[in-house]
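Note sheet for the following structure.
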Amino acid sequence: MRLRLPAERPTEPPTGYKIAHPVLSVDGTRAGFTGVSLGGALPYGVLAEASCVYGRRHRPPARLCDCGFHCVHDRAAADALRCTAEHRTALLLEVSVLGTYIRFERGFRYARQRVRTATAGPCACGATAALLADAGWGRPGWRALAPGCAGCARGRTSVTLAEFARLAGEGLRVRADGGVPAAAALGPAGAELGVPELVAEAALLQARLDWFQSQLARLGDRGTGSADKG
Ligand SMILES: [Zn+2]
Ligand SMILES: [Zn+2]
């Protein structure tokens with residue numbers, strides 16, 4: 001007897017959550033995502049169909065394979081994946097699970113998906129992300145991007161969140177969460193300072209100047225010493 005999984009016939013596509021790195025085509029005309037684990041080498045668009053990553057001739061999600069798109073049921077569980085160093089700059093995606101799917105305790109493995117919303121965390125400096133900038137790595141033909149602010153991304157290839165959404169197409173929404181407004185993230189140099197902060201800055205500068213002068217004096221002594229002997 002062949003065991004069959006119970007069939008589900010949802011009226012609406014199920015919703016799932018996952019993380020992925022945003023990518024921009026090298027000519028800057030297309031935007032998509034690249035996964036963080038299985039199948040991560042293949043960038044995908046907002047509306048995409050999975051193919052077997054092992055090149056087998058079946059349609060994902062094949063029961064005896066582990067191919068297909070993957071997502072989890074719980075937004076917080078997907079978000080937690082962004083804590084690891086290598087996934088800090090990944091975006092949190094909310095997806096519609098389309099086509100055939102296999103339901104597991106924690107998520108789905110499935111044939112097709114539509115990315116509805118992509119959420120970018122803050123820039124490395126702590127500012128709320130305003131754009132997605134060249135992350136310094138990628139896939140052939142695709143540059144990986146990371147959330148950034150205008151100040152930190154200066155000089156690097158970048159697109160605003162709205163531009164990324166437009167290039168990706170299919171009604172994708174891109175938003176930013178976390179972080180502080182860009183001006184505050186710049187710290188004392190960029191923010192309005194009160195008297196206590198200025199006094200603290202002055203004390204710090206004075207301490208550095210004292211250290212600098214003591215180093216100069218030491219070098220001066222040494223220089224004089226050798227001259228005397230010569
Ligand atoms: Zn397969
Ligand atoms: Zn920044």
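The values are calculated or read from the model by the stated rules, or taken from the named source; none is laboratory data. Please read these numbers as outputs of a predicted model, since none were measured by experiment. Cβ: placed from backbone, ideal geometry, glycine included. Neighbour counts: every protein chain shown.
Being more than 16 Å from residue 120 (Cα to Cα) and surrounded by 21 or more Cβ atoms within 10 Å (Cβ to Cβ) is the filter here, so list the residues in segment 13-38 that pass it.
The one that is more than 16 Å from residue 120 (Cα to Cα) and surrounded by 21 or more Cβ atoms within 10 Å (Cβ to Cβ): 16.
Here are the criteria: (1) closer than 30 Å to residue 124 by Cα; (2) not assigned by TED's automatic domain parsing to the domain that holds residue 158. Tell me which single one residue 69 does not satisfy.
(2)
Could you please let me know if residue 114 is in the same structural domain as residue 34 (by TED's automatic domain parsing), at pLDDT 95 or above and within 16 Å of ligand 1 (Cβ to nearest atom)?
No: the conditions fail for residue 114.
Here's a check for you: in segment 52-101, which residue that is part of a loop (DSSP other than H, G, I, E, B) and hydroxyl-bearing (Ser, Thr, Tyr) is nearest to residue 176 (Cα to Cα)?
Out of the qualifying residues, it is 89.
Residues 90, 41, 20: which one is within 16 Å of ligand 1 (Cβ to nearest atom), in contact (Cβ under 8 Å) with a residue 40 or more places away in the chain and under 27 Å from residue 143 (Cβ atoms)?
After ruling out the rest, the residue left standing is 41.
Among 154, 143, which is the only one that is away from ligand 1 (no atom under 16 Å from the Cβ) and at pLDDT below 95?
None of the other options fit; the residue is 154.
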